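Peer 1: First the structure, then my questions, so here it is.
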């Protein structure tokens with residue numbers, strides 16, 4: 001196991017659920033991150049789906065004690081460089097494009113590449129990866145599909161993301177080839193807009209208590 005894989009696993013194993021966060025208003029970034037960390041979710045994936053994403057990563061990296069911030073929805077090498085410059089400690093991609101994989105090869109920051117089929121898993125495995133995102137999890141076959149990959153693709157571990165909630169998280173976390181799951185339910189848009197940080201901390205604590 002190489003150093004970047006060990007670094008990635010140490011981050012993913014901080015908790016059973018990695019929050020997948022879309023920041024619309026930069027003012028909410030730090031209090032939201034602090035609320036999640038207070039509930040036990042220290043590793044935070046801030047997606048680059050909004051204009052505020054990079055600034056949110058920078059603010060959380062600088063101001064949230066105990067948080068490990070990463071960038072999600074990284075699609076190419078340019079975004080990779082910007083995310084790392086902002087302070088990302090890990091990178092998550094919905095797929096495994098050549099640009100992202102090449103950027104990862106040149107960086108000390110670990111990548112969680114996205115896969116959705118056995119062929120994609122094998123292709124990413126050929127690039128040296130044994131820990132991958134499975135996305136979109138529910139739409140691509142759900143927990144039964146991930147479980148079916150365990151025997152033929154032994155040694156591969158997944159962080160399923162997409163359509164996962166408190167209701168079905170344990171379907172994944174109980175699997176031998178799942179290290180954690182990603183989910184947005186711990187930071188509902190309405191609660192973030194209302195500044196209900198106590199409520200978000202409660203949701204985070206419920207998620208942090210899940211065990212496989």
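Peer 1: Out of all the residues in the stretch 190-210, is one or more touching a helix residue (DSSP H, G or I) at 6+ places or on another chain (Cβ under 6 Å), under 28 Å from residue 100 (Cα atoms) and modelled with pLDDT of 95 or more?
Peer 2: No: the stretch 190-210 contains no residue that is touching a helix residue (DSSP H, G or I) at 6+ places or on another chain (Cβ under 6 Å), under 28 Å from residue 100 (Cα atoms) and modelled with pLDDT of 95 or more.
Peer 1: Restricting to the stretch 152-179, what's the tally of residues that are in contact (Cβ under 8 Å) with a residue 24 or more places away in the chain and either more than 17 Å from residue 19 (Cα to Cα) or not in a loop (DSSP other than H, G, I, E, B) (or both)?
Peer 2: Qualifying residue count for the region: 19.
Peer 1: Any residue at all in the stretch 5-21 that is out of contact with any helix residue (DSSP H, G or I) (no Cβ under 8 Å at 6 or more places or on another chain), modelled with pLDDT of 95 or more and more than 27 Å from residue 211 (Cα to Cα)?
Peer 2: The initial filter retains those residues of the stretch 5-21 that are out of contact with any helix residue (DSSP H, G or I) (no Cβ under 8 Å at 6 or more places or on another chain), namely 5-14, 20.
Cutting the leftovers down to modelled with pLDDT of 95 or more gives us 5-14, 20.
With the extra rule that they be more than 27 Å from residue 211 (Cα to Cα), the set shrinks to none.
No, every residue in the stretch 5-21 fails to be out of contact with any helix residue (DSSP H, G or I) (no Cβ under 8 Å at 6 or more places or on another chain), modelled with pLDDT of 95 or more and more than 27 Å from residue 211 (Cα to Cα).
Peer 1: For the stretch 128-176, how many residues meet the condition of being surrounded by fewer than 21 Cβ atoms within 10 Å (Cβ to Cβ), closer than 18 Å to residue 47 by Cβ and touching a strand residue (DSSP E or B) at 6+ places or on another chain (Cβ under 7 Å)?
Peer 2: 1
Peer 1: Further question on the same structure: Would you list the helices (runs of 4 or more DSSP H) that sit entirely within the stretch 70-140 and hold 1 or more residues that are in contact (Cβ under 8 Å) with a residue 12 or more places away in the chain and within 16 Å of the chain's Cα centre (by Cα)?
Peer 2: The qualifying helices (runs of 4 or more DSSP H) are 77-86, 98-105.
Peer 1: Could you check how many residues of the stretch 42-55 are part of a helix (DSSP H, G or I) and either farther than 28 Å from residue 140 by Cα or modelled with pLDDT under 95 (or both)? Quick ask: steps written out before the conclusion?
Peer 2: Step one: list which residues in the stretch 42-55 are part of a helix (DSSP H, G or I), which gives 53-55.
In the following step, the residues that additionally are either farther than 28 Å from residue 140 by Cα or modelled with pLDDT under 95 (or both) were identified as 54-55.
Counting residues in the stretch 42-55 that are part of a helix (DSSP H, G or I) and either farther than 28 Å from residue 140 by Cα or modelled with pLDDT under 95 (or both) gives 2.
Peer 1: Which members of the stretch 57-78 meet the condition of being within 24 Å of residue 137 (Cα to Cα) and in contact with a strand residue (DSSP E or B) (Cβ under 9 Å, 6 or more places away or on another chain)? Before the answer, list the steps.
Peer 2: Of all residues in the stretch 57-78, those within 24 Å of residue 137 (Cα to Cα) come to 68-76.
Of everything in the stretch 57-78, those that are within 24 Å of residue 137 (Cα to Cα) and in contact with a strand residue (DSSP E or B) (Cβ under 9 Å, 6 or more places away or on another chain) turn out to be 68, 69, 70, 71, 72, 73, 74.
Peer 1: Quick check on residue 39: is it touching a helix residue (DSSP H, G or I) at 6+ places or on another chain (Cβ under 6 Å), within 25 Å of residue 188 (Cβ to Cβ), surrounded by fewer than 18 Cβ atoms within 10 Å (Cβ to Cβ) and at pLDDT 95 or above?
Peer 2: no
Peer 1: Test each condition in (1) within 18 Å of the chain's Cα centre (by Cα); (2) not in a helix (DSSP H, G or I) for residue 204 and report the one that comes out false.
Peer 2: Every listed condition holds for residue 204 apart from (2).
Peer 1: At negative phi, touching a helix residue (DSSP H, G or I) at 6+ places or on another chain (Cβ under 9 Å), in a helix (DSSP H, G or I) and surrounded by fewer than 21 Cβ atoms within 10 Å (Cβ to Cβ): does that describe residue 58?
Peer 2: Details: at negative phi: yes; touching a helix residue (DSSP H, G or I) at 6+ places or on another chain (Cβ under 9 Å): yes; in a helix (DSSP H, G or I): yes; surrounded by fewer than 21 Cβ atoms within 10 Å (Cβ to Cβ): yes.
Considered against the rule, which asks whether it is at negative phi, touching a helix residue (DSSP H, G or I) at 6+ places or on another chain (Cβ under 9 Å), in a helix (DSSP H, G or I) and surrounded by fewer than 21 Cβ atoms within 10 Å (Cβ to Cβ), residue 58 comes out as yes.
Peer 1: Would you confirm whether any residue within the stretch 190-203 is farther than 16 Å from residue 113 by Cβ and in contact with a strand residue (DSSP E or B) (Cβ under 7 Å, 6 or more places away or on another chain)? Before you say what the answer is, go through the steps one by one.
Peer 2: Step one: list which residues in the stretch 190-203 are farther than 16 Å from residue 113 by Cβ, which gives 190-203.
When the remaining residues are screened for being in contact with a strand residue (DSSP E or B) (Cβ under 7 Å, 6 or more places away or on another chain), the result is none.
Scanning the stretch 190-203, I find no residue that is farther than 16 Å from residue 113 by Cβ and in contact with a strand residue (DSSP E or B) (Cβ under 7 Å, 6 or more places away or on another chain), so the answer is no.
The values are calculated or read from the model by the stated rules, or taken from the named source; none is laboratory data. All of these numbers come straight from a predicted model, not from anything done at the bench. No Cβ is skipped: glycine too gets one built from the backbone with ideal geometry, and neighbour counts run over all protein chains shown.
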